[in-house]
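*Asks:* This structure is in structure tokens; I'll ask about it shortly.
The values are calculated or read from the model by the stated rules, or taken from the named source; none is laboratory data. What you see is a predicted model, and the numbers here were worked out from it, not measured in a lab. When we count neighbours, we look across all protein chains shown, and the Cβ atoms used for this are built from the backbone with ideal geometry, even at glycine. The protein model used for the area step is the full one, side chains on, heavy atoms only, and it has no ligands, DNA or RNA in it. Shrake-Rupley method; radii C 1.70, N 1.55, O 1.52, S 1.80 Å.
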Amino acid sequence: MATQRLRVLSGIQPTAGSFHLGNYLGAVRQWVALQETHDAFYAVVDLHAITIPQDPEELRASTRLAAAQLLGTGLDPTRCTLFVQSHVPEHAQLAWVMNCLTGFGEAARMTQFKDKSAKQGTEGTTVGLFTYPVLQAADILIYNAHRVPVGEDQRQHIELTRDVGERFNARYGPTFTLPEPYILKEAAKIYDLQDPAIKMSKSASSPKGIVWLMDEPAKSAKKFRSAVTDTGTEIRFDRETKPGLSNLLTIYSALTGISVAELEEKFTGQLYGPLKTELAEVFTHWVAPFRARTQEYLDDPAELDRILAEGAEKARAHAAATLADAYEKVGFLPAAQA
Ligand code: TYM
């Protein structure tokens with residue numbers, strides 16, 4: 001009997017090469033878990049990547065690297081649909097329709113756009129960056145996803161997705177499922193190891209503040225050992241007064257499954273040093289097999305491309321059906337067979 005699984009969809013940009021620990025704990029780890037219980041679609045969003053300039057060869061390599069890392073974390077192409085966004089052109093086609101349903105002011109209020117465009121200035125900011133969240137909305141709506149596993153920084157984009165989907169439904173009749181964000185409270189935001197006031201991020205973090213999964217583990221271990229903490233001595237989770245330490249406890253807990261309360265107990269009476277050293281070991285222990293699995297996929301690009309081709313085919317079947325329905329409702333004339 002066909003199972004009535006809820007559907008999840010999420011995406012990750014291939015821009016930085018290696019994923020960082022925030023990507024993994026905030027989002028990808030949940031993707032791996034959800035493939036067991038949901039009808040799961042996961043995309044390497046290369047169309048989103050070119051909203052900032054990319055070298056073509058590097059983009060191709062980092063798209064494969066992103067897919068290999070997703071497989072390395074445990075995504076299983078027999079349990080989920082893993083694909084590259086540009087292989088499913090229907091996303092961009094639906095995005096155009098959604099662009100025409102999104103207000104200029106509405107798009108201008110997106111905080112990620114405001115932050116990025118403020119940094120880059122008007123001349124350095126593309127229209128693609130402006131409509132980025134609308135393409136993201138199309139990514140989600142085209143699969144009628146119920147849930148979208150992401151980190152906290154994507155919440156506003158999911159809200160926009162609901163608003164635009166709802167607007168389409170109101171204007172043209174029920175078509176799209178309105179998705180809920182799926183954000184794990186504990187790991188929703190992983191902070192920079194050197195500046196725990198900001199999130200770990202490829203664009204804002206200093207080299208010592210960000211942990212890249214594909215780096216040599218010894219290099220990352222050193223970053224954990226030299227992470228910024230407060231001047232106190234007590235191992236206690238407190239986001240307000242001990243943001244650095246709290247971030248380390250969050251990471252430790254997420255990587256091991258040991259609760260923060262248990263960790264506080266375990267490290268009672270100890271200084272910060274042993275916790276950092278142990279966390280460095282925990283991370284190394286976790287990351288080594290991940291890197292090895294990722295490397296296996298990188299060493300076999302033909303197999304990797306085969307997995308992605310299969311994923312694109314599965315994804316397209318769904319995306320094409322939704323797009324055809326949406327086009328018909330909008331009033332586009334069906335293309336007659338020649
Ligand atoms: P991207 O590629 O920036 O990040 C991928 C995922 O990692 C999460 N994340 C974090 N989570 C916790 N702490 C952090 N420090 C941290 N940094 C990043 C992000 O929240 C994200 O879930 N717009 C999306 C890509 C996208 C998408 C989609 C997502 C395109 N289409 C459709 C969901 C559905 C993005 O830029 O993610």
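*Asks:* Which one, PRO196, PRO217, PRO207, has the greatest fluctuation when you compute a Gaussian network model over the chain with C-alpha springs under 10 angstrom?
*Replies:* Maximum fluctuation in the GNM of the chain, among the listed residues, is at PRO207.
*Asks:* Within the accessible area of the chain, what % is carbon and sulfur when the probe is 1.4 Å and the other protein chains stay in place?
*Replies:* So the carbon and sulfur contribution to the accessible surface is 55 percent.
*Asks:* Then there's this: Give me the count of lysine pairs in segment 193-328 whose alpha carbons sit under 26 angstrom apart, restricted to pairs 8 or more positions apart or on different chains.
*Replies:* Taking segment 193-328 as the scope, the lysine pair count is 27.
*Asks:* Using only Cα atoms, tell me the angle between helix 243-256 and the longest principal axis of the chain; keep it within 0 to 90° and round to the nearest 10.
*Replies:* 70
*Asks:* Sticking with this structure for a sec: Taking the simple approach of a point 7 Å from Cα along Cα-to-Cβ for both GLN93 and GLU57, what is their distance in nm?
*Replies:* 3.4
*Asks:* Net charge near THR284: determine it from the other residues with C-beta under 12 Å of the C-beta of THR284, scoring Lys and Arg +1 and Asp and Glu -1.
*Replies:* Around THR284, the surrounding residues sum to +1.
*Asks:* Over its Cα atoms, what ratio of radius of gyration to 2.2 N^0.38 Å does segment 97-147 give?
*Replies:* With N residues counted in segment 97-147, Rg over 2.2 N^0.38 Å equals 1.23.
*Asks:* Continuing with this model, one more query. Dipole of the chain, Cα-centred, from +1 at each Lys and Arg C-beta and -1 at each Asp and Glu C-beta, to the nearest 20 debye? Don't skip to the answer; put the middle values down first.
*Replies:* Values: 35 positive and 41 negative charges, 80 e Å.
With only Lys, Arg, Asp and Glu charged at Cβ, the dipole is about 380 debye.
*Asks:* If you average the alpha carbon positions of segment 178-222 and of segment 258-334, how far apart do those two centres end up, in angstrom?
*Replies:* That distance is 14 Å.
*Asks:* Given the whole protein assembly as supplied and a 1.4 Å probe, what does the accessible area of ILE235 come to in Å², nearest 10?
*Replies:* Counting only protein heavy atoms, the figure is 10 Å².
*Asks:* Tell me the relative contact order for the chain as a rounded percent, counting alpha carbon contacts under 8 Å between residues six or more apart.
*Replies:* 22
*Asks:* For the chain, what proportion of DSSP beta bridges, expressed in % and rounded to the nearest 5, is antiparallel? Spell out each step's value before the answer.
*Replies:* Details: 3 of 18 bridges.
Of all bridge pairs located within the chain, approximately 15 percent are antiparallel.
*Asks:* Which value, in debye to the nearest 20, gives the size of the charge dipole of segment 255-321 about its Cα centre, when Lys and Arg are +1 and Asp and Glu are -1 at the Cβ?
*Replies:* So the dipole magnitude of segment 255-321 works out to roughly 160 debye.
*Asks:* Follow-up. Roughly how many Å² of ASP115 are accessible to a 1.4 Å probe, to the nearest 10?
*Replies:* ASP115 exposes around 100 Å² with every protein chain in place.
*Asks:* Just the number please: accessible area per residue for the chain, 1.4 Å probe, all protein chains included, in Å².
*Replies:* So the chain comes to 47 Å² accessible per residue, rounded to a whole number.
*Asks:* What's the percent breakdown of Cα-Cα distances in segment 134-176 across 10 Å bins, shortest bin first?
*Replies:* 29, 58, 12, 1
*Asks:* Mind grabbing the base-10 log of I(q)/I(0) for the chain at q = 0.06, 0.09, 0.15 Å⁻¹? Debye formula, identical points on the C-alpha positions, no solvent, two decimal places.
*Replies:* Values, matching the q order: -0.23, -0.51, -1.30.
*Asks:* Choose one of ALA16, LEU129, TYR297: the residue whose Cα lies farthest towards the positive end of the charge dipole of the chain (beta-carbon charges +1 Lys, Arg; -1 Asp, Glu; about the Cα centre).
*Replies:* LEU129
*Asks:* Can you tell me the dipole magnitude for segment 95-164 around its Cα centre, using point charges on the Cβ only (Lys, Arg +1; Asp, Glu -1), in Debye to the nearest 20?
*Replies:* 40
*Asks:* Moving on to the next point. With only alpha-carbon pairs counted, each pair once and no self-pairs, how large is the Kirkwood hydrodynamic radius of segment 11-130 in angstroms?
*Replies:* Details: mean 1/r = 0.0632 Å⁻¹.
That comes to 15.8 Å for segment 11-130.
*Asks:* Whenever you get a sec, line up TRP31, TRP96, TRP212 from highest to lowest accessible area (probe 1.4 Å, protein heavy atoms). Can you show the working numbers first?
*Replies:* Details: TRP31 0, TRP96 160, TRP212 55 Å².
Largest accessible area first, the list is TRP96, TRP212, TRP31.
*Asks:* Also: Rank GLU186, GLU106, GLU278 by mean-square fluctuation in a GNM of the chain with C-alpha springs under 10 angstrom and give only the top-ranked residue.
*Replies:* GLU106
*Asks:* Give the residue from ALA43, ALA107, THR256 lying farthest towards the positive end of the charge dipole for the chain; charges sit on Cβ (+1 for Lys and Arg, -1 for Asp and Glu) and the dipole is referred to the Cα centre.
*Replies:* The one lying farthest along the dipole's positive direction is ALA107.
*Asks:* Could you give the length gained on full extension between LYS314 and ASN169, defined as 0.36 nm per residue of separation minus the Cα-Cα distance, in nm?
*Replies:* That pair, LYS314 and ASN169, stretches by 49.7 nm at full extension.
*Asks:* So for segment 192-266, taking the charge dipole from beta-carbon charges (+1 Lys/Arg, -1 Asp/Glu), which of VAL211, PRO196, ILE235 sits furthest toward the positive end?
*Replies:* VAL211
*Asks:* Please pull out the direction-averaged projected area of segment 118-247, using the convex hull of its alpha-carbon atoms, in nm² to one decimal place.
*Replies:* Over every viewing direction, the Cα hull of segment 118-247 projects on average to 11.0 nm².
*Asks:* When N counts the residues of segment 206-338, how does its alpha-carbon radius of gyration compare numerically with 2.2 N^0.38 Å, as a ratio? Kindly include the intermediate steps, with their values, before the conclusion.
*Replies:* Numbers: Rg = 23.8 Å, N = 133, 2.2 N^0.38 = 14.1 Å.
Normalised Rg, Cα atoms only: 1.69.
*Asks:* Would you look at the GNM of the chain, springs on alpha carbons closer than 10 Å, and say which of LEU129, LEU271, LEU25 moves the most?
*Replies:* LEU271
*Asks:* Right, another one. Let me have the 222 nm mean residue ellipticity of the chain computed from DSSP H runs of 4+ only, each contributing -39500 (n - 2.57), with the sum over all residues rounded to the nearest 500.
*Replies:* -17000 deg cm²/dmol
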